[in-house]
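Written below as structure tokens is the structure these notes are about.
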Amino acid sequence: MGTLDGKTALIFGVSNDHSIGWGISQALHREGAKLGFSYQAINEKRARPLAERLGATFIEQCDVGSDDDIAAIMQRAGDHFGQIDILVHAVAFANREDLMGRFVDTSRAGFAMALDVSCYSLVALTQAALPYLREDSSVLTLTYYGSEKVAPNYNVMGVAKAALESTVRYLANDLGPQGIRVNAISAGPIRTLSASAIRGFRDYQKSFAGIAPLRRNVTIDDVGNTAAFLCGNGARGITGEVVYVDSGYNIMGMVTPEE
């Protein structure tokens, strides 16, 4: 028996088989959860076959920037599953030009777009899911250490992730009395489609393994395993937290080159 047997998970943000959302999906499936998926229109050709591979019976398109889309998909998910035990928010976006120059040059429109898609969408999805979330449900999102410290070329996304982490805490406080937990995973650098938009990412990922205490990069499977734990009954006492899956990188202060 899996640790998530009998639970239903609705996952937003699987784009391809290299995405962190896919790593989470595989882990939830392995632990027995029944899965539903939502994808952006641009990702349909890749996302739909992946969802079908895990036996998903609910696969729907949704623009998380549209309240009407969100309300409609939650209604359909509620009608299909009856209840939602796990809501996974693996959604983020910033204009490529806002990840290439200086943060100070971020446009108003670019800033608004990044905060809306990468942060407010968690609020909107959770709000719409509330009628279907039961006690012991879990809401999970993804963040990155660039929310706390300056990461080269992360720019407005770092600010969006900082807002996202604060949002996790406020949602956890609001929903805790209903027995709904809200947490975030802060993953180390993983070569995903989103990461490819960050200039110098490959060089950064190479240096990461030499600095992190475990001396290795993390994988989507590492993140998926942690997600399965956080969404299961073993984590019933954990909410409002940012859990690091980064080989210990976040604990490091001053780093000196190894001999």
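The values are calculated or read from the model by the stated rules, or taken from the named source; none is laboratory data. Model, not experiment: these values are computed from the prediction. Positions of Cβ are generated from backbone atoms using ideal geometry, with glycine treated the same way; all protein chains shown enter the neighbour counts.
Of note:
- Filter result (under 20 Å from His80 (Cβ atoms), hydrophobic (A, V, I, L, M, F, W, C) and part of a strand (DSSP E or B)) within the range 130-148: Leu133, Val139
- Filter result (of a type in the set (Gly, Ala, Ser), part of a helix (DSSP H, G or I) and under 18 Å from Lys161 (Cβ atoms)) within the range 86-112: Gly110, Ala112
- Subset of the range 138-162 that is hydrophobic (A, V, I, L, M, F, W, C) and either surrounded by fewer than 18 Cβ atoms within 10 Å (Cβ to Cβ) or over 15 Å from the mean Cα position of the chain (by Cα) (or both) - its residue that is modelled with the lowest pLDDT: Ala151
- All of Ile59, Ile42 fail the test of being modelled with pLDDT of 95 or more and among the β-branched types (Val, Ile, Thr), apart from Ile59.
- Qualifying residue in the range 200-212 (condition: small (Gly, Ala, Ser), surrounded by fewer than 16 Cβ atoms within 10 Å (Cβ to Cβ), part of a helix (DSSP H, G or I) and at pLDDT 95 or above): no
- If you filter the range 77-95 down to residues that are under 22 Å from Trp22 (Cβ atoms) and not aliphatic (A, V, I, L, M), you find that the one that is surrounded by the fewest Cβ atoms within 10 Å (Cβ to Cβ) is His80.
- Taking first residues from the range 27-49 that are touching a residue at least 40 places away in the same chain (Cβ under 8 Å) and partners that are hydroxyl-bearing (Ser, Thr, Tyr), the Cβ contacts under 8 Å between residues at least 6 apart in sequence or on separate chains come to Glu31/Thr3; Ala33/Thr8; Lys34/Thr8; Lys34/Thr57; Gly36/Thr8; Gly36/Thr57.
- Criterion violated by Asp85 - all others in (1) at pLDDT 95 or above; (2) touching an Asp or Glu at 6+ places or on another chain (Cβ under 9 Å); (3) farther than 23 Å from Leu175 by Cβ satisfied: (3)
- The set of residues in the range 26-79 that are more than 18 Å from the chain's Cα centre (by Cα), of a type in the set (S, T, N, Q) and more than 18 Å from Asp116 (Cα to Cα) comprises Thr57, Gln75.
- Which numbered condition Val14 misses (of (1) crowded, with 23+ Cβ neighbours inside 10 Å; (2) assigned to a helix (DSSP H, G or I)): (2)
- Only one of Asp69, Asp79, Asp116 that is part of a helix (DSSP H, G or I) and in contact with a Cys (Cβ under 8 Å, 6 or more places away or on another chain): Asp69
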